[in-house]
Amino acid sequence: MAQVQELVTTADADAMLEASHEKPVYLLKHSIACPISARGQMEFVGLEGDDDPPLYAVVVQYARDVSGYLAEQLGVKHETPQAILIKDGEAVDVKSHGAIRLAALREAAAN
């Protein structure tokens, strides 16, 4: 299973955004109370290949402030589940709910 780094502080979020200047990263905004979010998480953690981007996640129940901070920094309206591909500190692809599928995530990352 893929290593997913959980973001719990805005400093963690800033470090992820900085890392996206080296290579693209994926962020998952996840709700532990939602079965749709659980399905999105299962697809997201399928990104475990050597060519897949580093993975980060925010569990909104534990880090609501971080989730809001990232929505503001990236200019992306908050939803859960939500997978955001970030390159050079900017959101370059956003998928939510049923659109979070492993093949679609990989395709976005390859472009």
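Some notes on this structure:
- For the stretch 39-79, applying the loop criterion from DSSP together with a ceiling of 12 other beta carbons within 10 Å to the trypsin sites (Lys or Arg not before Pro) yields 77.
- Between the amide H of residue 57 and those of 5, 6, 7, 28, distances stay under 5 Å, these residues lying 5 or more places away or on another chain, with hydrogens modeled in the peptide plane.
- The stretch 53-111: Rg to Rh, with Rh as the Kirkwood radius over Cα pairs: 0.94
- Taking the stretch 4-110 and dividing mean pair separation by its residue count, relative contact order in percent (alpha carbons under 8 Å, at least six apart): 36
- Between residue 104 and residue 23, the simple label model (points 7 Å from Cα in the Cβ direction) yields a spacing of 2.5 nm.
- Equivalent-ellipsoid semi-axes of the chain, from the Cα gyration tensor, Å, largest first: 18, 17, 12
Here, each number is a calculation from the coordinates, and none is a lab measurement. No experiment lies behind these values; they were computed from the predicted model shown. Neighbour counts run over all protein chains shown; Cβ positions are idealised from the backbone, glycine included.
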